[in-house]
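*Asks:* My questions all concern the structure below.
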Amino acid sequence: MLIKSGKSWTYAIFTVVVLSSALGNLSQTGLNAMLVTVCGELGIATGVGQWLTTAYMFGLGAVVPLASYLMGRFRLKDLTVLAIFIFIAGAAIAAAASSFPVLLAGRIVQAIAAGILLPLLQTIAMTRFPDGRKATAMGISGIAMGFSPNIGPTIGGAMVDAFGWRSFFVLLAALSAIILAFCVLAIKRHDDASLSVSLDFLSFVLCTLGFGGILMGCSEASSHPLTSPFIWGPIVVGVLCLLAFAVRQHKVEDSLIDLTIFGDSSYRVGFWAQCFLCASFMGITLLVPLFIEDFRGGTALEAGMVLLPGTVAALIMNPLAGYLTDKIGVRPVAVVGGLFLSVGAVSMVFMDEATPLWLVMTLQGIRAVGVSTLIGPLTSWSLMGLSGKKTSDGSAFGLAARQTAASVGTALMVMCVEGLPMLTGGAAYHAAFGCSAVFAVATLICILARVR
């Protein structure tokens with residue numbers, strides 16, 4: 001039966017994009033629990049293997065600024081089908097990879113697909129659902145943005161121990177193929193594109209070099225001294241490119257991103273709160289497996305299991321937080337989420353090799369409740385003052401910035417563990433978890449100071 005129009009069509013395409021985006025984020029973090037095994041099999045250092053995570057973030061962040069252009073040029077169903085097909089191709093490349101460069105290429109192809117799907121997900125939630133249900137829809141989308149990254153290491157850890165790391169990418173490809181078949185066969189193609197939009201290629205290049213330069217500089221911090229030009233050089237280039245990008249958006253008629261979105265106070269505060277949030281929690285999905293496997297001598301499955309309680313919490317809290325936001329407003333929901341995040345993150349700073357595994361699981365669960373409570377409400381709150389193209393622009397630019405923030409947070413944590421000779425053993429992990437705690441507290445400060 002072909003789903004043709006109305007609420008059923010919206011719900012069907014939204015479901016497809018939610019599930020596809022969930023697989024994209026599952027791929028982003030699922031490799032973290034397998035990283036030690038992958039690095040050993042391919043004969044690379046952990047610092048080099050980190051690029052399998054940071055390059056994914058970079059690829060995703062580089063593509064999302066194109067979201068408004070792509071949504072204007074392609075029909076919604078066509079764009080969704082294209083993104084899922086690209087993701088399947090990336091998963092197939094990764095599954096067949098016999099060397100690090102090929103595996104890295106597969107990850108980047110997957111990231112391109114995820115970079116198309118995530119802003120599409122947020123735009124559908126904010127433009128195709130009525131007032132009073134937008135936050136609920138955004139909460140459901142948290143299955144992709146919150147639950148999926150949390151369960152990724154658990155699934156990855158279980159599969160690498162049972163079937164090998166390639167099986168993870170085979171699973172992603174198979175599930176994506178099922179979703180693709182449903183989308184192609186069951187959902188009608190609508191003529192909903194605005195084909196008059198144009199692409200300012202120079203703006204895209206400046207935006208990509210800007211976010212990419214910052215990411216590259218931070219990622220090199222685990223391999224070079226902090227005074228190295230390999231660190232500060234790309235960061236300086238990145239900052240200059242972002243400044244040039246901002247200037248150009250005010251000069252060209254068809255800007256890639258309409259930066260007047262920052263004129264909305266809700267968007268400004270939500271933007272920074274979400275950047276701090278992503279810097280705090282995304283790197284944890286890499287840091288916790290390293291803490292369990294490298295520092296404590298545990299298994300990949302144990303590393304995944306530590307994240308499991310938080311995963312269950314995310315499945316419950318993401319839609320619940322969205323529903324509560326529609327009913328009682330964003331401030332009380334965000335404050336509670338910020339408190340959970342901060343308490344969990346600060347407590348994890350004091351973990352060491354003697355900390356019981358059940359306590360590590362508990363503290364990570366507290367963090368995850370906070371993260372899951374914040375993702376949907378903060379996103380819907382930051383976008384609710386925007387309309388039309390500004391909604392997709394705000395979603396896309398925010399996602400690009402958040403991916404870079406997540407990359408920066410991850411790079412800082414890895415630098416503490418592997419890149420600073422004065423930090424060894426437990427001290428290195430105290431510092432790494434401390435980075436996460438600082439960003440968590442900054443998120444709470446934004447919420448307490450400005451969210452209404």
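*Asks:* Looking only at residues in the stretch 82-121 that are over 13 Å from Leu52 (Cα atoms) and over 21 Å from the mean Cα position of the chain (by Cα), which one is surrounded by the most Cβ atoms within 10 Å (Cβ to Cβ)?
*Replies:* Ile93
Okay, residues lined up against (1) at pLDDT 90 or above; (2) among the acidic types (Asp, Glu); (3) within 22 Å of Phe271 (Cβ to Cβ):
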| position | (1), (2), (3) |
| --- | --- |
| Gly304 | no, no, no |
| Pro309 | no, no, no |
| Pro319 | no, no, no |
| Asp326 | no, yes, yes |
| Gly338 | yes, no, yes |
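*Asks:* Check Gln110 against each of (1) within 29 Å of Gly238 (Cα to Cα); (2) of a type in the set (S, T, N, Q); (3) at pLDDT below 85 and name the one condition it does not meet.
*Replies:* Unmet condition: (3).
*Asks:* Residues of the stretch 407-447 being under 19 Å from Gln274 (Cβ atoms), open to solvent by 20 Å² or more (accessible area, probe 1.4 Å) and either in contact with an Asp or Glu (Cβ under 6 Å, 6 or more places away or on another chain) or at pLDDT below 85 (or both), which ones?
*Replies:* Once the filter is applied, which keeps residues that are under 19 Å from Gln274 (Cβ atoms), open to solvent by 20 Å² or more (accessible area, probe 1.4 Å) and either in contact with an Asp or Glu (Cβ under 6 Å, 6 or more places away or on another chain) or at pLDDT below 85 (or both), the stretch 407-447 yields Val408, Leu412.
*Asks:* Could you say whether any residue in the stretch 371-389 is under 28 Å from Ala428 (Cα atoms) and touching a residue at least 24 places away in the same chain (Cβ under 8 Å)? Lay out the reasoning, then the answer.
*Replies:* Applying the first criterion (under 28 Å from Ala428 (Cα atoms)) to the stretch 371-389 yields 371-372.
Narrowing further to those that are touching a residue at least 24 places away in the same chain (Cβ under 8 Å): 371-372.
The answer is yes; a qualifying residue exists.
*Asks:* Additional query: Out of the stretch 347-356, which residues are open to solvent by less than 60 Å² (accessible area, probe 1.4 Å), over 22 Å from the mean Cα position of the chain (by Cα) and of a type in the set (A, V, I, L, M, F, W, C)?
*Replies:* Hits for the stretch 347-356 are Val349, Met351.
*Asks:* Hey, another quick one. Can Thr285 be described as modelled with pLDDT of 85 or more and touching a Pro at 6+ places or on another chain (Cβ under 8 Å)?
*Replies:* In short, no.
*Asks:* Name every residue in the stretch 306-339 that is open to solvent by 60 Å² or more (accessible area, probe 1.4 Å) and either within 17 Å of Ile284 (Cα to Cα) or not in a helix (DSSP H, G or I) (or both), in order of residue number.
*Replies:* Within the stretch 306-339, just Val312 meets the criteria.
*Asks:* Is there any pair with a first residue in the stretch 170-196 that is closer than 24 Å to Ala144 by Cα and charged (D, E, K, R) and a second that is open to solvent by 30 Å² or more (accessible area, probe 1.4 Å) and at pLDDT below 75 whose Cβ atoms are under 8 Å apart and which are 6 or more apart or on different chains, and what are they?
*Replies:* Partner pairs satisfying both residue conditions: Lys188/Leu2; Lys188/Lys4; Lys188/Ser5.
*Asks:* Scanning for something buried (at least 24 other Cβ atoms within 10 Å of the Cβ) and either outside any helix (DSSP H, G or I) or in contact (Cβ under 8 Å) with a residue 60 or more places away in the chain (or both), does the stretch 158-166 turn up at least one residue?
*Replies:* Here is the first cut: in the stretch 158-166, the ones buried (at least 24 other Cβ atoms within 10 Å of the Cβ) are 160, 165.
Then keep just the ones that are either outside any helix (DSSP H, G or I) or in contact (Cβ under 8 Å) with a residue 60 or more places away in the chain (or both); that gives 160, 165.
There is at least one residue in the stretch 158-166 that is buried (at least 24 other Cβ atoms within 10 Å of the Cβ) and either outside any helix (DSSP H, G or I) or in contact (Cβ under 8 Å) with a residue 60 or more places away in the chain (or both).
Yes/no per residue for (1) of a type outside the set (D, E, K, R); (2) within 16 Å of Leu209 (Cβ to Cβ); (3) in contact with a Lys or Arg (Cβ under 7 Å, 6 or more places away or on another chain); (4) modelled with pLDDT of 85 or more:
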{"position": "Gln50", "(1), (2), (3), (4)": "yes, no, no, no"}
{"position": "Thr53", "(1), (2), (3), (4)": "yes, no, no, no"}
{"position": "Val63", "(1), (2), (3), (4)": "yes, yes, no, no"}
{"position": "Tyr69", "(1), (2), (3), (4)": "yes, no, no, no"}
{"position": "Leu76", "(1), (2), (3), (4)": "yes, no, no, no"}
{"position": "Thr80", "(1), (2), (3), (4)": "yes, no, no, yes"}
{"position": "Ala89", "(1), (2), (3), (4)": "yes, no, no, yes"}
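*Asks:* Still on this structure, I have one more. Restrict the check to the stretch 296-305 and report whether at least one residue is outside any helix (DSSP H, G or I), under 25 Å from Phe204 (Cβ atoms) and not charged (D, E, K, R).
*Replies:* First pass over the stretch 296-305, keeping only residues outside any helix (DSSP H, G or I): 296-299.
Restricting the remaining residues to those that are under 25 Å from Phe204 (Cβ atoms) gives none.
The answer is no, given that none of the residues of the stretch 296-305 is outside any helix (DSSP H, G or I), under 25 Å from Phe204 (Cβ atoms) and not charged (D, E, K, R).
*Asks:* Let me ask another. For the stretch 374-390, does any single residue satisfy the condition of being outside any helix (DSSP H, G or I), of a type in the set (A, V, I, L, M) and modelled with pLDDT under 85?
*Replies:* So far as the stretch 374-390 goes, yes, one or more of its residues are outside any helix (DSSP H, G or I), of a type in the set (A, V, I, L, M) and modelled with pLDDT under 85.
*Asks:* Across the stretch 318-354, which residue is farthest from Gly385 (Cα to Cα) among those that are touching a helix residue (DSSP H, G or I) at 6+ places or on another chain (Cβ under 7 Å) and of a type in the set (D, E, K, R)?
*Replies:* Within the stretch 318-354, the match that is farthest from Gly385 (Cα to Cα) is Glu353.
*Asks:* Also: Under 8 Å between Cβ atoms, which residue pairs at least 6 apart in sequence (or on different chains) link something in the stretch 1-22 that is more than 21 Å from Ile375 (Cβ to Cβ) with a partner that is surrounded by fewer than 22 Cβ atoms within 10 Å (Cβ to Cβ) and among the aromatic types (Phe, Trp, Tyr)?
*Replies:* Pairs found: Ile3/Trp9; Thr10/Phe129.
*Asks:* Taking the stretch 167-206 as the region of interest, how many residues are open to solvent by 50 Å² or more (accessible area, probe 1.4 Å), β-branched (Val, Ile, Thr) and at pLDDT below 85?
*Replies:* Residues that pass the stated criteria total 0.
The values are calculated or read from the model by the stated rules, or taken from the named source; none is laboratory data. Quick caveat: nothing in here was measured; it's all calculated off a predicted structure. FYI the Cβ positions are ideal-geometry reconstructions off the backbone, even for glycines, and counts take in every protein chain you see. Each accessible area value is taken on the protein alone, full model and side chains, heavy atoms only, with ligands, DNA and RNA left out. Shrake-Rupley method; radii C 1.70, N 1.55, O 1.52, S 1.80 Å.
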